[in-house]
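Structure first, commentary second.
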Amino acid sequence: MCRLINYDPKKVQVYYLIYKDNTGDELARARELTEQLGFSFLTANAILMPVELLIHLVNGNRQAIPKDALDIISHLRQDPGVALDRLRSLHKGEQLLTCKLRDEQLTLDVNGDVYVCCSIYDSQWHKNIGNYLDFPLEIIQQAKLECAEICDQCIANRINYYFLNDDPELNKEPTQ
Ligand code: SF4
């Protein structure tokens with residue numbers, strides 16, 4: 001039988017995504033239950049993913065966005081188009097070439113295969129770089145750069161900052 005050694009409930013994190021319609025009592029009850037269980041409670045305003053949809057949005061190509069994604073957008077507390085406008089203005093003039101999600105993190109699937117990042121879903125861009133156990137990390141990171149054509153558009157439009165929640169407005173928790 002398995003036994004949890006040095007089990008620390010505080011290391012279990014409940015990550016609650018906030019939409020327009022699950023604030024107030026629902027949020028308060030989720031927090032209370034989590035704290036009763038001794039777990040950590042984290043919140044973030046839900047955002048739109050993946051990167052392909054955000055690129056359609058910034059290009060004004062709304063007809064390419066599926067109806068269910070438009071429905072999700074209507075439930076977000078921050079309109080993604082408005083949030084991206086704000087991020088572009090906050091980071092105006094910066095010569096960005098890097099992305100923390102690509103350059104400082106690894107996205108692995110259950111087989112240990114590496115992908116450029118967790119924010120790309122379309123198979124055209126969501127490329128299998130190779131297995132984590134088969135290559136040194138430097139080779140993997142270099143291969144990610146070579147497979148990351150979509151990153152240029154993502155970085156130019158500051159979409160990577162949107163994924164990193166690098167926006168004070170986007171981070172605000174509801175007051176009720
Ligand atoms: S630039 Fe965008 S698509 Fe590329 S790794 Fe970063 S978040 Fe993902």
(message) Multiplying the sequence separation of ASN6 and ILE140 by 0.36 nm and subtracting their Cα-Cα distance, what value in nm do you get?
(response) 44.9 nm
(request) Could you tell me which of GLN95, TYR16, ILE150 has its Cα farthest along the dipole of the chain towards the positive end, charges placed at Cβ (Lys, Arg +1; Asp, Glu -1), taken about the Cα centre? (result) TYR16
(request) Determine the shape class of region 82-176: with a ≥ b ≥ c the square roots of the Cα gyration tensor eigenvalues, call it rounded for a/c under 1.5, and otherwise prolate if a/b is greater than b/c, oblate otherwise. (result) prolate
(request) Go through TYR115, THR34, ASN6 and say which Cα lies farthest out towards the positive end of the charge dipole of the chain; charges sit on Cβ, +1 for Lys and Arg, -1 for Asp and Glu. (result) THR34
(request) Under a cut-off of 22 Å between alpha-carbon atoms, report the lysines in cross-link reach of LYS127, not counting same-chain residues fewer than 8 places apart. (result) LYS100, LYS144
(request) For n ≥ 4 DSSP H runs only, could you compute -39500 (n - 2.57) per run for the chain, divide by its residues and tell me the 222 nm figure to the nearest 500? (result) -11000 deg cm²/dmol
(message) Under the 0.36 nm per residue contour assumption, what length would be gained going from the current alpha-carbon distance of GLU149 and LEU133 to full extension?
(response) 3.3 nm
(request) Treat the count of other C-beta atoms within 10 Å as a stand-in for reagent exposure and order LYS127, LYS144, LYS11, LYS172 from fewest to most. (result) LYS11, LYS172, LYS127, LYS144
(message) From the P(r) of the chain, could you give the percentage of C-alpha pairs in the tail past 27 Å?
(response) 41
(request) Determine the dipole magnitude for the chain: charges of +1 sit on the beta-carbon of Lys and Arg, -1 on that of Asp and Glu, nothing else is charged, the reference point is the Cα centre, and the result goes in debye to the nearest 20. (result) 280
(message) If Rh is defined by the Kirkwood formula over all Cα pairs and Rg also comes from Cα, what ratio Rg/Rh do you get for region 9-88?
(response) 1.10
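A short reminder: the numbers here are calculations on the coordinates, not readings from a lab. None of these values were measured; they are calculated from a predicted model. Because the Cβ atoms are built from the backbone with ideal geometry, glycine has one as well, and the counts that use them run over all protein chains shown.
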